[in-house]
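Reviewing the structure listed below.
The values are calculated or read from the model by the stated rules, or taken from the named source; none is laboratory data. What you see is a predicted model, and the numbers here were worked out from it, not measured in a lab. A quick note on method: Cβ atoms are made from the backbone with ideal geometry, for glycine too, and the neighbour counts reach across all protein chains shown. Keep in mind that these areas ignore ligands, DNA and RNA; they rest on the heavy atoms of the full protein, side chains included. Shrake-Rupley method; radii C 1.70, N 1.55, O 1.52, S 1.80 Å.
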Amino acid sequence: RIVFLIVGTHGDVLPFLSLAQMLKSRGHRVRLATHGVHRAMVLQHAIEFYPLAGDPRTLSKWMVESGGTIIGEVRTFKSANTKLAMLKDIVHSLWYACTAPDPYDPEASPFVADAIIANPPTFGHIHCAEALGVPLHMMFPQPWTPTTAFPHPMSGLNNEQIGDKNYRSYSVVDQAMWLGNASMINSWRRKTLQLRPIRNGTFAGSLLTRLRVPFSYMWSPAFVPKPSDWPDFVRVVGAFSAHPVSKTDAANPANNEPRTPHNKALAPLMAWLEQGEPPIFIGFGSMVIKKPEALADMIKEAAAATGKRVLVQSNWSKI
């Protein structure tokens, strides 16, 4: 029994569904635990679901507001209590994702995880693994392991230089995130997980690296090769893609091969694509843009200036 603990938007969740499908095809029972808004997507891929707390739209909005950096988090301190409250809800839901049936599925079977696969923003991953005494494997499409090759993505440093500053940025970000959440995590460890609290001064933010927890990075090594100073328990394993599964194919995993979608709603788009040269694709995924109208005007001006066809995917920003 394998549980995926994934915090994030649609783009964070979708790659893990590909791995979940493969593990299921090899005989494992697989559950993907993430925010309730992703339930339909997970079930469409014939994978068991468990609802984690938290709203990915709000998380994305906060990330845009802070610029995705620790310094930005400090600058937006007015919303700190609200952020901590949501993070607490997310963390508290992790244990039940590992040990309880889906509360919204009356036919759900009992579940206790034998292994955990998680992304870093879940925070409670390593503590759940400790409480259960099961293996933990981390996966992410952004670097989270110290290296001199490039800085931590939340450090705010540019990635044009190689050096010790990059390496140290990981420890700085890890410790900052731990210090901001230590009291909440330790309370959860004592009251829910029945574990001892982690003492101050133990650099708990860097536990994943210190304990040599296996970490797989989800991008192509042809795009960014594995840095030479990453240890052997860290790998760059390539990108992942998943596809929905019909009820018929769900009963026969051997049929689950990628196929071209036949959706009538896409017919006008397919016709437009065939009418001219390949367009420039501009996508914003699950980003929540502050001024979508201004961004739309910028895209239209760029298209007019270059004479290029442009295909825009707006998603949550409603461009």
> Which cross-chain or sequence-distant (5 or more) residues have an amide H under 5 Å from the amide H of Ser286, H modelled 1.01 Å from N in plane?
Replying inline: Gly11
>> List the residues, sorted by chain then number, that are 5 or more residues from Leu311 or on another chain and whose placed amide H is less than 5 Å from its amide H.
In response: Ile280, Phe281, Ile282
>> Give me, ordered by chain and number, the residues 5 or more places off Leu52 or on other chains with an amide H under 5 Å from its own placed amide H.
In response: Thr34, His35, Gly36
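Taking all protein chains as present, what is the carbon and sulfur share of the accessible area of the chain, in % to the nearest whole number, probe 1.4 Å?
57 percent
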> Taking springs between alpha-carbon atoms closer than 10 angstrom, which of Thr306, Thr147, Thr99 fluctuates most in the Gaussian network model of the chain?
Replying inline: Thr306
> Short version: ³J(HN,Hα) in whole Hz for each residue of segment 32-47, in order, from phi by Karplus 6.51 cos²θ - 1.76 cosθ + 1.60 (θ = phi - 60°), x for Gly and Pro, what are they?
Replying inline: 10, 9, 7, 5, x, 5, 9, 3, 4, 4, 5, 5, 5, 9, 6, 10
> In straight Cα distance, which lysines are under 29 Å from Lys226, not counting same-chain residues fewer than 8 positions off?
Replying inline: Lys24, Lys165
> What is the extension gain from Thr306 to Arg196, computed as 0.36 nm multiplied by their sequence separation minus the C-alpha to C-alpha distance, in nm to one decimal?
Replying inline: 33.5 nm
>> I need the calculated FRET efficiency for the pair Ala271 and Arg1, taking r as the beta carbon distance and R₀ as 41 Å, to the nearest 0.05.
In response: 0.35
> Using only helices, what value at 222 nm comes out for the chain when you add -39,500 (n - 2.57) per DSSP H run of length 4 or more and divide by the total residues, to the nearest 500 deg cm²/dmol?
Replying inline: -12000 deg cm²/dmol
> How high is the relative contact order of the chain, given as a whole-number percent (alpha carbon pairs under 8 Å, six or more residues apart)?
Replying inline: 17 percent
> GNM on the chain, C-alpha springs below 10 Å: top fluctuator among Phe281, Phe49, Phe150?
Replying inline: Phe281
>> So I have (1) 38, 23, 19; (2) 33, 24, 19; (3) 32, 27, 20, and one of them is semi-axes √(5λ) of the Cα gyration tensor in Å calculated from this model. Which one is it?
In response: (3)
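For segment 81-127, what does the alpha-carbon gyration tensor say about shape, rounded, prolate or oblate, given a ≥ b ≥ c as the root eigenvalues, a/c under 1.5 as rounded, and a/b over b/c as prolate?
Because a/c hits 1.5 or more and a/b fails to exceed b/c, segment 81-127 counts as oblate.
With only Lys, Arg, Asp and Glu charged, each at its Cβ (+1 for the first two, -1 for the last two), find how big the charge dipole of the chain is about the Cα centre; round to the nearest 20 debye.
Taking the Cα centre of the chain as origin, the dipole is about 600 debye.
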> Using a Gaussian network model of the chain with C-alpha springs under 10 Å, which one of Ser18, Ser228, Ser155 is most mobile by mean-square fluctuation?
Replying inline: Ser228
> Roughly what would the spin-label model give for Lys318 and Asp232, points 7 Å off Cα along C-beta, in nm?
Replying inline: 5.4 nm
> Which of the listed residues, Ala85, Ala222, Pro151, is farthest toward the dipole's positive end in the chain, when Lys, Arg count +1 and Asp, Glu count -1 at the beta-carbon?
Replying inline: Ala85
